[in-house]
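Structure record follows, encoded as structure tokens.
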Amino acid sequence: MQSHIIRTAPSCADDREPQVLTVHQAREKILSSLPALQGEERVALRSALGRVLARDVISPINVPGHDNSAMDGYALDGSQLPEDAYVDLEVIVTLPAGGRFNGTCGPGQCVHIMTGAPMPAGTDTVVMQEHVMALEDGRIRIGSGHRRGQNVRSAGEDIAAGSAVLHAGKRLTPADLGILASIGIGEVFVCRRVRVAFFSTGDELRGIGETLGEGEVYDSNRYSLHGMLRRLDADILDLGVVRDEPEALREAFQTAGQLADVVITSGGVSVGEADYTKPILEELGEMRFWKIAMKPGRPLAYGKLGNALFFGLPGNPVAVMVTFYQFVLPALQQLASGTRWKPFILDAVCTSALRKRPGRFEFLRGILSQQDDGSFVVESVGQQGSGILTSMSRGNCFILLDEEQADVKPGDKVRVQPFATLF
Ligand code: AMP
Ligand code: MG
């Protein structure tokens, strides 16, 4: 039997192939050679959410601006705090947040102070309202158990004037918008968005609204790509479907290369009759083709098309999403921010049995959940074929089985990458 098997070339049916890159090697090759994206624009604060800061932001002011009370209570000179005794103090004024008191608080005195109000001269300590007793004569009584300096926020403790509060390359979060507002900054310089052009290739592809003939499928890759790129805040150029015809493909490659920073195609990167991506990229740009020891998504064409980076992803819908998340996303994030993107990976106990032969890195789709005791468990979504796009929808994470990993038994620990961290 064995002697009649035909193998003319290594293929994705082999566990180990010669001249194949690991996932890690392929990602390093991409990330170590990325250009820096040029160009910045000035945007208003609310529009800056999710954008990447182009310059460091130096705070013009201290936050808080003054030493102030962290509590509603009574401000006093801490040297008056009693030890194992009571002390009664005269309340000379009430100070609301935003209020001012130009006098000085002297011995035997205190100031009724609200949260956020500046500490009056002569005070360095606040005793909270709930820890004092009001006396009939209007004074207040303080007992022991307090510490000098308590309940006071010092000027500049959050942000010091002159310090870099946010650094270039930071993707702005809701907290960052609040920080910028807290230092009175209403506009920031952000990097321009990465312009990404993409198209699908394949004679069998039809658009939504068209009737499917035999053997034809609706083009879904452009929609999942659109979704992933939107999440990354890219500037998106959808160039449609291109037939498996060299002339049409040449034109699409050229247009895309001129318009975009990054060009993404799907389909046509294997070794079939109508797989033109490799030869056309070779002809019009610089081609680096890799077989990557992974599943799904073994072939990937990577290179340059003019000044644009080029990613030729495989056609299978799951393979498109896996290769996008593992290679394109880190590249786009590094292009956008100038800093290395790091995957967020956690350990979980796998409740499913997973078949895995050593050789390739497999990205299975799993359903991750948290137990009552806080630990994470993951189960396989079931069918894992590279055309089973519902596996990406039902799943909420990749189960990462590295090259050397063999079968996984229920109860084994595995590494998972939640989809929610892929942005
Ligand atoms: P290819 O890599 O071009 O050989 O395509 C591999 C498989 O993915 C084939 O079954 C294609 O029909 C399918 N495929 C390719 N492109 C798309 C697409 N844009 N949408 C849905 N399926 C696709
Ligand atoms: Mg094809």
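The values are calculated or read from the model by the stated rules, or taken from the named source; none is laboratory data. Note that this is a predicted model, so its numbers are computed, not measured. When we count neighbours, we look across all protein chains shown, and the Cβ atoms used for this are built from the backbone with ideal geometry, even at glycine. Side chains are part of the model used for accessible areas, which takes the heavy atoms of the whole protein and leaves out ligands, DNA and RNA. Shrake-Rupley method; radii C 1.70, N 1.55, O 1.52, S 1.80 Å.
Residue selection: Gly213 fails the criterion of being at pLDDT below 95 and either among the aliphatic types (A, V, I, L, M) or open to solvent by less than 70 Å² (accessible area, probe 1.4 Å) (or both).
Of all the criteria given as (1) part of a strand (DSSP E or B); (2) over 19 Å from the mean Cα position of the chain (by Cα); (3) not charged (D, E, K, R), the one not satisfied by Gln417 is (2). One residue is enough: does the stretch 249-267 have a residue meeting the conditions among the acidic types (Asp, Glu) and open to solvent by less than 50 Å² (accessible area, probe 1.4 Å)? Yes, there is a match, as at least one residue in the stretch 249-267 is among the acidic types (Asp, Glu) and open to solvent by less than 50 Å² (accessible area, probe 1.4 Å). When restricted to residues that are in a strand (DSSP E or B) and either open to solvent by 40 Å² or more (accessible area, probe 1.4 Å) or within 16 Å of ligand 1 (Cβ to nearest atom) (or both), the stretch 165-195 contains 4.
Among the residues of the stretch 242-264, are any touching a Pro at 6+ places or on another chain (Cβ under 6 Å) and of a type outside the set (Phe, Trp, Tyr)? No, the stretch 242-264 contains no residue that is touching a Pro at 6+ places or on another chain (Cβ under 6 Å) and of a type outside the set (Phe, Trp, Tyr). Screening Arg298 with (1) assigned by TED's automatic domain parsing to the domain that holds Ile264; (2) surrounded by 23 or more Cβ atoms within 10 Å (Cβ to Cβ); (3) in contact with a Cys (Cβ under 9 Å, 6 or more places away or on another chain) gives one miss only, at (2).
Total residues in the stretch 295-335 satisfying the condition of being over 25 Å from Gln254 (Cβ atoms) and out of contact with any Asp or Glu (no Cβ under 7 Å at 6 or more places or on another chain): the figure is 15. No other residue among Leu281, Leu225, Leu259 is more than 16 Å from ligand 2 (Cβ to nearest atom) and under 27 Å from Ala36 (Cα atoms) apart from Leu259. Kindly indicate whether any position in the stretch 333-342 is touching a helix residue (DSSP H, G or I) at 6+ places or on another chain (Cβ under 8 Å), part of a helix (DSSP H, G or I), away from ligand 2 (no atom under 16 Å from the Cβ) and touching a residue at least 12 places away in the same chain (Cβ under 8 Å). Yes, there is a match, as at least one residue in the stretch 333-342 is touching a helix residue (DSSP H, G or I) at 6+ places or on another chain (Cβ under 8 Å), part of a helix (DSSP H, G or I), away from ligand 2 (no atom under 16 Å from the Cβ) and touching a residue at least 12 places away in the same chain (Cβ under 8 Å). Phe101 passes every criterion in (1) touching an Asp or Glu at 6+ places or on another chain (Cβ under 8 Å); (2) among the hydrophobic types (A, V, I, L, M, F, W, C); (3) in a loop (DSSP other than H, G, I, E, B) apart from (1).
Say whether the condition of being more than 27 Å from the chain's Cα centre (by Cα), closer than 21 Å to Ala13 by Cα and either more than 15 Å from ligand 1 (Cβ to nearest atom) or open to solvent by less than 10 Å² (accessible area, probe 1.4 Å) (or both) is met by at least one residue in the stretch 288-295. So far as the stretch 288-295 goes, no, none of its residues is more than 27 Å from the chain's Cα centre (by Cα), closer than 21 Å to Ala13 by Cα and either more than 15 Å from ligand 1 (Cβ to nearest atom) or open to solvent by less than 10 Å² (accessible area, probe 1.4 Å) (or both). Looking only at residues of the stretch 340-351 that are under 12 Å from the mean Cα position of the chain (by Cα) and more than 15 Å from Leu400 (Cβ to Cβ), we find that the one that is most open to solvent (accessible area, probe 1.4 Å) is Arg340.
Residues being within 12 Å of ligand 1 (Cβ to nearest atom), at pLDDT 95 or above and assigned to a strand (DSSP E or B) are represented in the stretch 247-265 by at least one member.
Restricting Leu400, Leu354, Leu368 to those that are of a type outside the set (D, E, K, R), buried (at least 18 other Cβ atoms within 10 Å of the Cβ) and under 14 Å from Pro296 (Cβ atoms) reduces the list to Leu400.
Close contacts from the stretch 96-122, counting a first residue that is more than 12 Å from Ala70 (Cα to Cα) and a second that is among the acidic types (Asp, Glu), with Cβ to Cβ under 7 Å and a gap of 6+ residues or different chains, come to Cys105/Asp77; Gly108/Glu90; Gln109/Glu90; Gly122/Asp77. When the stretch 302-316 is filtered for residues that are of a type outside the set (A, V, I, L, M), more than 12 Å from ligand 2 (Cβ to nearest atom) and not in a loop (DSSP other than H, G, I, E, B), the ones remaining, listed by number, are Tyr302, Gly303, Lys304, Phe310, Phe311. In the stretch 124-144, the condition of being without any contact (Cβ under 8 Å) to a residue 24 or more places away in the chain, more than 16 Å from ligand 1 (Cβ to nearest atom) and either assigned to a loop (DSSP other than H, G, I, E, B) or open to solvent by less than 50 Å² (accessible area, probe 1.4 Å) (or both) is met by at least one residue.
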